[in-house]
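This report concerns only the one structure given below.
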Amino acid sequence: MTDSPIKVTLLGTGTPIPLMRRFGPSTLVQAADQNFVFDCGRGAIQRLEQIGLSFRAVDKFFLTHLHSDHVVGIPDLWLSGWVMGREVPFRIWGPSGTTGMMGHLEKAYQADIHVRRDLDEKFAPEGIEVSATDIEQGVAYEENGVQITAFDVDHGHVKPAFGYRIDYEGRSVVLSGDTRYSKNLIEHAQDADLLIHEVIAPESVRARRAAAGRDPAESERIIQHHTTPEEVGVIFSKVKPKLAVYSHIVGSIGAAEEEVDAGTRKTYSGRFEIGEDLCVIDVGDDVTIKFPD
């Protein structure tokens, strides 16, 4: 763990685009000797392996919403964690539909589960059990001094969609989830030490999709579901976190990072970083970030 009350690792900072540099959206938050994973995009289990965290130690998951790029890694972590020795139920919280999704996954993999649990390896039956909870805005989890609060954000037609605030020992981390400019997020993020926010690079998205022959109207709809760098800069200015970090960077190829940096600086003069996979952020008296080698 860490001497700081809260440690955050960006497991994946990307989008549905299958980039090796940016895996699917996923964030690990460690506090009070507990491991919480928020969203579980493509490659989350590989990133956990890279940082040396045992799959057996990861059993608490929170979902911001049910878009495929945020949940596609769940079957891998759920099943592989069991195969690798998890002996406690897989606990997962998320918006309406989470319980149904997990029930369907149990049915989809019932043949594999039956063989591994009942016939062949005889893995611990508790380790494949699922404890799923559909939540609404409010305190979703409170154990061992850690409080996790879900709050509504605006992701267009995707309703509900959540951001999360994690509080422990006087320190706080806020995760935006996928959202447009959200006043509710600003309210819930007040006094946060660390704010991790999504962002879209509009010109990069338009250029990439135009080159692929995609409908411009479709590109505009995508842009409208996210937050531009200028808008996020305003959010940072209103929240005033000790450190602001970008993750889930939509349009994260080509000149997108330069676009995000320049746009943010138009509306925010404070400290922010463009996150990368495997960035580690310690949240204590100071908030420090370490980029991967």
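Please treat every number below as a calculation from the coordinates, not as lab data. What you are looking at is a predicted structure, and each value in this text was computed from that prediction instead of being measured. Here the Cβ positions follow ideal geometry from the backbone for every residue, glycine too, while neighbour counts run over all protein chains shown.
Tell me, what are the semi-axes, in whole angstrom and largest first, of the equivalent ellipsoid of segment 215-293 as set by the roots of 5 times the Cα gyration tensor eigenvalues? Can you show the working numbers first?
Working: eigenvalues 121, 51, 22 Å².
After scaling each eigenvalue by five and taking roots: 25, 16, 10 Å.
Within the set of other residues whose C-beta is less than 11 Å from the C-beta of P95, count the net charge using Lys and Arg as +1 and Asp and Glu as -1.
Numbers: positive: K159; negative: D134, E136, D152.
For residues surrounding P95, the net value is -2.
Cβ neighbours within 10 Å, averaged per peptide: list 155-164, 261-270 in order, most packed at the top. Numbers along the way, then the final one.
Working: 155-164: 19.8, 261-270: 15.9.
Averaged packing, sorted descending, gives the order 155-164, 261-270.
So how far apart, in nm, are the two label points at S96 and V130 if each is 7 Å from Cα heading toward Cβ? Result: 1.9 nm between the two label points. Computing FRET efficiency as 1/(1 + (r/R0)^6) for E121 and E142, where r is the C-beta to C-beta distance and R0 is 30 Å, gives about 0.25. Average 1/r across all pairs of distinct alpha carbons in segment 1-86, invert it, and you get the Kirkwood radius: 12.8 Å.
Can you give the extra length, in nm with one decimal, that the chain gains between E49 and K159 once fully stretched, where that is 0.36 nm per residue apart less the Cα-Cα distance? Walk me through the intermediate numbers first.
Details: separation 110, 0.36 × 110 = 39.60 nm, distance 3.26 nm.
Result: 36.3 nm gained on full extension.
Exceedance of the 32 Å cut-off in Cα-Cα distance is limited, within the set K60/K240; K60/K242; K122/K290; K159/K290; K60/K290; K266/K290, to K122/K290; K159/K290. Remark on the chain: Rg and Dmax equal 18.7, 62 Å (Cα only).
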